[in-house]
Amino acid sequence: MRICVVIGRSCAREWHNLLARRLVHDRHEVAIFISEVGTPLPSLIVTTLAFERLVYGIASKSLLTAILVDKSFDGIRRTDDVNESFDVVLRLDGDASAAPIGARSFHPLFNVHQSEVGAVHAILDGQDVMIGVGSSSESTHANEYAIETELPTIIGKTLNNACARMIDLLAWHSTLNPTLPTGSKSVGLCRRSNSPVLLRHAAATLTKRLLRRLDMLARGGDRWMIGWRHAANQPLEIDGGGASLTYRRVPDDGQRFLADPFPVVDGGRSWLFCEEYPYATGRGIISVIDLDDPAGVARPIIEESHHLSYPMVFADDGRWWMIPESGASNRIVLYRCEAFPFKWTYEATLIDVAASDPTLYRDETGYWLIFTSCEGAGSPSDRLCLYHAPTLYGPWRPCGQQPLAIDARTSRPAGHILNVGGALYRPAQDCSRLYGSGIVWCQFSLPLARPFEQVEIATLSPRDARSFRGAHTYNRSGSIEAIDVYGAPSDDAIDLAFLPVAKGKSNSLSGQAPALRTSQEAANVSV
């Protein structure tokens, strides 16, 4: 494809440079046209971003960094001919001046505004940050995508996530007959925030940071922790009504945190597999806890030179297996259990991809792996991917063009897929307002329809917002349920609220698809 990227001289950003290089890497014929229009970021936004980098010690280069067009885009052809024709023209200058002609022309949208300032307005307005792509030939924008707000007090992190994902969107739109990921249906306009609002946000950031720090220190410090309960008499009914659930906190020694619980009931014993993160090493390992032991000490069982988490343990073909998250190694890896539950051996690399929280499900067609991509820049929590294989060992193939969806609220897996009466439900991490701010239960179907369709049916989140700011894993085996939460507890009880969503909220573009009926009744393959 012949693509022209129109850059405003006064509003050129680092992400524009990365987009142009992405298009070259994708083997397009790319030209840069420098427009003399375009509005730079307001100085107060630039100052706020610099302030955040100083206060929070952010070392990585911001995608919003202003660049000099005369010293950027090395090796990419320049054009100044407004009469030159292209297959695609990408307007990154605000679309307000003469530029080359394209058979198709697109421009970025940040909460409906063509500038990243629209995302800033959304953050300050307390709204979800949404991105999309506008077209000169279309009056409506069918797909908008929710962006992860990893830390709501840091504007720059959310803007980086938005710009990184915008690179993906514009690159996908630039292909011939693109299959676009599913997004949300619509987005509202935001108020235009002014300088006093930005100043108040900066002051509030420091105030909130200080107060939260003092509060959490008084209660032992913010960290991830695990809760579990015997649920034989009150199991969580995914397709039922609201419920208040109380879990017992697994103690820790303050030298590590525990997260990503996967309980297993086997041979009359109850075990809890989890991520153990020793602060001294700064790298996650996989451990197991004997829930029948009152001491409840985490015992390491798998350790690698890279970070491990999310020990997705399952039984298949008479043997125990585990697929932990190993995104830092750019692989999805399978481990075989030699002596349950303590001895595990590397078995195979299933897929060479950087993945967050890969989750397995088996039906009569074979095996499915659902995860979010953590490749490249931006959030590791918003690009939902799905692969299928006839056997556990593969060959694993993507189910169509990936990702299937971009949505920070319902993409990243939060535990085993449940089959309840033939209907499939998956817990997902809600990262739209905070990383792991809660769990959203979604009903979906396999094999997948296109576009990807799932319906939000319930949420699971902490009742005590002061002590706990989020939850991002739910699993059960037999009568044992386990969750994790983030915060600074005041006691050993963790109370969560399960709340059905009225009428079911679809985050697809064409509504709910019927669930595939299978004979599976387990929480995963056969646990």
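Could you please let me know if Asp407 is at pLDDT below 95 and not aromatic (Phe, Trp, Tyr)? Spelling it out, Asp407 is indeed at pLDDT below 95 and not aromatic (Phe, Trp, Tyr).
Kindly indicate whether Leu272 is in contact (Cβ under 8 Å) with a residue 60 or more places away in the chain and surrounded by 15 or more Cβ atoms within 10 Å (Cβ to Cβ). Judged against the criteria, Leu272 is a match.
Screening Gln401 against (1) surrounded by fewer than 24 Cβ atoms within 10 Å (Cβ to Cβ); (2) touching a strand residue (DSSP E or B) at 6+ places or on another chain (Cβ under 8 Å); (3) under 21 Å from Leu369 (Cβ atoms) leaves a single unmet condition, (2). Does region 315-333 hold any residues that are surrounded by fewer than 18 Cβ atoms within 10 Å (Cβ to Cβ) and closer than 25 Å to Ser411 by Cβ, and which are they? Answer for region 315-333, where residues must be surrounded by fewer than 18 Cβ atoms within 10 Å (Cβ to Cβ) and closer than 25 Å to Ser411 by Cβ: Ala328, Ser329, Asn330, Arg331.
None of Asp93, Asp26, Asp81 is surrounded by 19 or more Cβ atoms within 10 Å (Cβ to Cβ) and among the acidic types (Asp, Glu) except Asp93. Using the structure shown, decide if Leu392 is part of a strand (DSSP E or B) and either in contact with a strand residue (DSSP E or B) (Cβ under 6 Å, 6 or more places away or on another chain) or over 24 Å from Ile457 (Cβ atoms) (or both). No. Residues in region 37-75 that are loosely packed, with under 13 Cβ neighbours inside 10 Å and either of a type in the set (D, E, K, R) or touching a Phe, Trp or Tyr at 6+ places or on another chain (Cβ under 9 Å) (or both) were compared, and the one that is nearest to Leu151 (Cα to Cα) is Lys61. Pairs, please: C-beta under 9 Å, at least 6 apart or cross-chain, first residue in the same structural domain as Leu44 (by TED's automatic domain parsing) and in region 56-69, second part of a loop (DSSP other than H, G, I, E, B) and among the hydroxyl-bearing types (Ser, Thr, Tyr)? Qualifying pairs under 9 Å: Tyr56/Thr153; Ala66/Ser10. Residues that are buried (at least 24 other Cβ atoms within 10 Å of the Cβ) and hydrophobic (A, V, I, L, M, F, W, C) within region 252-263 comprise just one, Phe262. Every condition in (1) closer than 22 Å to Ile154 by Cβ; (2) free of Cβ contacts under 8 Å to residues at least 24 places away in the same chain; (3) of a type in the set (Asp, Glu) is met by Asp74 except one, and the failing one is (1).
Scan region 321-373 for residues that are part of a loop (DSSP other than H, G, I, E, B) and in contact with an Asp or Glu (Cβ under 9 Å, 6 or more places away or on another chain) and the total you get is 7. Total residues in region 312-370 satisfying the condition of being in contact (Cβ under 8 Å) with a residue 60 or more places away in the chain and polar (S, T, N, Q): the figure is 2.
The values are calculated or read from the model by the stated rules, or taken from the named source; none is laboratory data. Please read all numbers here as calculations on a predicted model, not as lab measurements. For neighbour counting, all protein chains shown are included, and Cβ atoms are generated from backbone atoms with ideal geometry for every residue, glycine included.
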